[in-house]
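Encoded as structure tokens, here's the structure I'll be asking about.
The values are calculated or read from the model by the stated rules, or taken from the named source; none is laboratory data. A quick note: this is a predicted structure, and the numbers were derived from the prediction, not measured. So basically every Cβ, Gly included, is an ideal-geometry build from the backbone, and we count neighbours across all protein chains shown. Accessible surface is based on the protein model in full, side chains and every heavy atom, while ligands, DNA and RNA are left aside. Shrake-Rupley method; radii C 1.70, N 1.55, O 1.52, S 1.80 Å.
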Amino acid sequence: MGATDPAVEERENRGEEKTEKKKKKKKQRGVKANDEEEGGDKDELNHHRFLANLNRLNPTNPLRIIVNNGGGGRFTTPPPPNPAQPLRSSSRAPPPIQTPPVRAPPPEEPQPPPSPSPPPLQHQSRSLFSQTPQETLASLNSSKYTNKFFLFLFILHKIAAIGFVCFLVFRGVQGLIGSNGSVKRKEQRILRFLLPQVEAASLLSIVLAFSWQMAIRLWPEFMIHFILWSTFLMSLSSGILLLCFQMPATDGVGVSLIAFSIGNGLYACWVTRRIKFCTKILVKSLEPVSKFSDLNLPTYYMLAAGFFWMSLWIFGVIGALNFYFPPLVIIGLVLSLAWTTEVMRNVVNLTVSRVIALFYLRGMQSSTRFSFQRALSRNLGSACLGSLFVPTIEALRIVARGLNLLKGEDEFMFCCANCCLKLMTFIFEHGNGWAFVQIAAYGKGFVRASQDTWKLFEDVDMVEVVDADITSSICFLTGICSGCVCVIVAVAWTHTVYKPFTATISLLAFFIGYLMTRISMALPHACVSCYYACYAENPESRFFDETIKDRQALIKNGRVVVHTPRVRRALA
């Protein structure tokens, strides 16, 4: 009886172990529940903080735009939990939010009017990676090829010209070596008495081209007067020299030069009142050139290419004398050379125009090499089209102005003068030399660039100002002066060695001297064009002074007459 049954003790021990295990499980469940409640409270606090941070974001912030997802309203952040109430509770549901009672204002104090609520945010339609469109800046690097048809036409013409000139050179060598008759003797005379003078004229024209450009950049005020009157003297001197030879061919060339010198002298007297303003614009437009040390490199390249092509072209002319219809062949070669050198000049014009225009419009220092590559590739079609039509349009416009100059004296003879002038003005608005600035800067086609540039001039009332500019005339007269100098040197040399070639040498020397100088004068011409065109686009730029505005004020007040003068108005 006193002893305890072992079976009963074993059952009691097992019961105690079970109760202890149950207690441990209950404790673990309670700890887990408390952890879950605390984790839920922490998540709720983090959520409140996140929404509060979103409310403080800028409405244009991409993260806020994505979260809004086009809703357009402000974030509705629930109020933070009441600090007086403990966060922990027996249930997992969030505790009720108690708002403090709002006290009414005392009756004797009037209530202020409620402040207007801030307007809701507008719907942001931009995506996260969208950028503000910048059409003008994007168009500065346009990759389109302009005027592709004329680019193809010029390339086709150049391939044909190179092939034909090489063929003519072959014919000349064949006639010089293979034949034993009059053809061989004729070509020997040409090589001996014509080729040295023409090559000397080419080298002299290059020296004159660099000299003119350097002198204009160093002494612009003096050089405008000097070019006007030195061209008059050189053309008159060369014409008198050719008349002194008393040969029919040289007499015709001499009379033409003397007639041109008379017209040049009258023009120099007529534009005297414009020289001061033209000088100011030229000085101001040449100021950015010093910021680009390599801006003259395209001129060097084009002059070297022009000298190489003219040397080969001369051999082609010699070979054309041993071919069918020599006069027609030589005329075709002359026209081909004129178009080629004009394209070279406009390539320099486009290169300088892009560098200077980006400096005026954006304050950028663009790469001259990159601009030169664009002028030789993407903008070459516009250069070909402009080279083909701009000289013709400007020449016809001068003729129409000359007819309009005499219209007031004889209405019956010049009844169509006004109509011709209006027609040429319309054509000039759709194709002019001012277009090269926008072609270079924005990559536009030639016709569209001409229209847009002229529209800018009309919008800022600059038509009369640019129409009275004489920079293009100064560049043209510089080429004439170089041609006359080459004529004097080559003709004096030829007349002492072989007189029959005098007239031919005079024409070739004048042609070569004029073309080579025109290539070098593209730089100052492009600078002046950029100054006018960029001023018309942004007159308030810090790069421009009051020169043009003062000129416009004088024109409006009637103190400056820029219209084409007539005889009656001049007498009055």
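Select from region 210-227 the residues that are open to solvent by 40 Å² or more (accessible area, probe 1.4 Å) and touching a helix residue (DSSP H, G or I) at 6+ places or on another chain (Cβ under 6 Å) and list them in ascending order.
Of all residues in region 210-227, those open to solvent by 40 Å² or more (accessible area, probe 1.4 Å) come to 210-211, 214, 217-219, 221-222, 225-226.
If the condition is that a residue be open to solvent by 40 Å² or more (accessible area, probe 1.4 Å) and touching a helix residue (DSSP H, G or I) at 6+ places or on another chain (Cβ under 6 Å), then Glu221 is the only one that fits.
Do you know which residues across region 348-404 are among the hydroxyl-bearing types (Ser, Thr, Tyr) and assigned to a loop (DSSP other than H, G, I, E, B)? Full working, then the answer.
We begin by selecting, within region 348-404, every residue among the hydroxyl-bearing types (Ser, Thr, Tyr); these are 351, 353, 360, 366-368, 371, 377, 382, 387, 392.
Residues satisfying the conditions are Ser366, Ser367, Ser377.
Of all the residues that make up region 175-191, how many are in contact (Cβ under 8 Å) with a residue 12 or more places away in the chain and of a type outside the set (Asp, Glu)? Full working, then the answer.
The first filter runs over region 175-191 and keeps only residues in contact (Cβ under 8 Å) with a residue 12 or more places away in the chain, leaving 175-176, 183, 186-191.
If we keep only those that are of a type outside the set (Asp, Glu) too, we end up with 175-176, 183, 186, 188-191.
Residues flagged as in contact (Cβ under 8 Å) with a residue 12 or more places away in the chain and of a type outside the set (Asp, Glu) within region 175-191 amount to 8.
Hey, among the residues in region 282-296 that are open to solvent by less than 60 Å² (accessible area, probe 1.4 Å) and either assigned to a helix (DSSP H, G or I) or modelled with pLDDT under 90 (or both), which one's nearest to Phe372 (Cα to Cα)?
So in region 282-296, the residues open to solvent by less than 60 Å² (accessible area, probe 1.4 Å) come out as 282-286, 288-289, 292, 294-296.
Restricting the remaining residues to those that are either assigned to a helix (DSSP H, G or I) or modelled with pLDDT under 90 (or both) gives 282-285, 288-289.
On the way: Leu282: 23, Val283: 24, Lys284: 24, Ser285: 20, Pro288: 18, Val289: 16 Å.
Ranking the qualifying residues of region 282-296, first place goes to Val289.
In addition: Would a scan of region 443-463 turn up a residue that is basic (Lys, Arg), surrounded by fewer than 22 Cβ atoms within 10 Å (Cβ to Cβ) and modelled with pLDDT of 90 or more? Talk me through it step by step, then tell me what you get.
So in region 443-463, the residues basic (Lys, Arg) come out as 444, 448, 455.
With the extra rule that they be surrounded by fewer than 22 Cβ atoms within 10 Å (Cβ to Cβ), the set shrinks to 448, 455.
If we keep only those that are modelled with pLDDT of 90 or more too, we end up with 448, 455.
Within region 443-463 (the criterion being basic (Lys, Arg), surrounded by fewer than 22 Cβ atoms within 10 Å (Cβ to Cβ) and modelled with pLDDT of 90 or more), the answer is yes, since at least one residue qualifies.
Now, a different point. Quick one: which residue in Gln188, Gln174 is polar (S, T, N, Q), loosely packed, with under 13 Cβ neighbours inside 10 Å and part of a helix (DSSP H, G or I)? Show your work before the answer.
Numbers: Gln174 fails: loosely packed, with under 13 Cβ neighbours inside 10 Å.
Result: Gln188 is the single residue among Gln188, Gln174 that is polar (S, T, N, Q), loosely packed, with under 13 Cβ neighbours inside 10 Å and part of a helix (DSSP H, G or I).
So which residues in region 307-355 are among the basic types (Lys, Arg) and either open to solvent by 10 Å² or more (accessible area, probe 1.4 Å) or out of contact with any Phe, Trp or Tyr (no Cβ under 9 Å at 6 or more places or on another chain) (or both)?
Across region 307-355, the qualifying residue is only Arg345.
Now a separate question. Any idea which of Thr146, Thr136 is modelled with pLDDT under 80, of a type in the set (Val, Ile, Thr) and either open to solvent by less than 100 Å² (accessible area, probe 1.4 Å) or touching a Phe, Trp or Tyr at 6+ places or on another chain (Cβ under 7 Å) (or both)? Full working, then the answer.
On the way: Thr146 fails: modelled with pLDDT under 80.
After ruling out the rest, the residue left standing is Thr136.
Across region 481-528, what is the number of residues that are part of a helix (DSSP H, G or I) and open to solvent by 10 Å² or more (accessible area, probe 1.4 Å)? Let's see the steps before the verdict.
To start, the set of residues in region 481-528 that are part of a helix (DSSP H, G or I) comprises 481-497, 499-520, 522-528.
Next, from what is left, pick out any that are open to solvent by 10 Å² or more (accessible area, probe 1.4 Å): 485, 488-489, 492-493, 495-497, 499-501, 503-504, 507-508, 510-511, 514-515, 518, 525.
Qualifying residue count, region 481-528: 21.
For region 443-455, give me the residue count where each residue is assigned to a helix (DSSP H, G or I) and over 23 Å from Leu523 (Cβ atoms). Outline the logic, then answer.
Here is the first cut: in region 443-455, the residues assigned to a helix (DSSP H, G or I) are 446-455.
From what is left, the residues that are over 23 Å from Leu523 (Cβ atoms) are 447-448, 451-452, 454-455.
Counting residues in region 443-455 that are assigned to a helix (DSSP H, G or I) and over 23 Å from Leu523 (Cβ atoms) gives 6.
Follow-up question, since we're still on this one. So, Val207, is that one part of a helix (DSSP H, G or I) and surrounded by fewer than 20 Cβ atoms within 10 Å (Cβ to Cβ) or not?
Taking the combined requirement at face value, the residue satisfies it.
Same structure, new question: Starting from residues that are part of a loop (DSSP other than H, G, I, E, B) and small (Gly, Ala, Ser), keep the ones in region 542-572 and report whichever is modelled with the lowest pLDDT.
Going through region 542-572, the residues part of a loop (DSSP other than H, G, I, E, B) turn out to be 542-546, 557-566, 572.
Remaining after also requiring small (Gly, Ala, Ser): 558, 572.
Working: Gly558: 76, Ala572: 34.
The qualifying residue modelled with the lowest pLDDT is Ala572.
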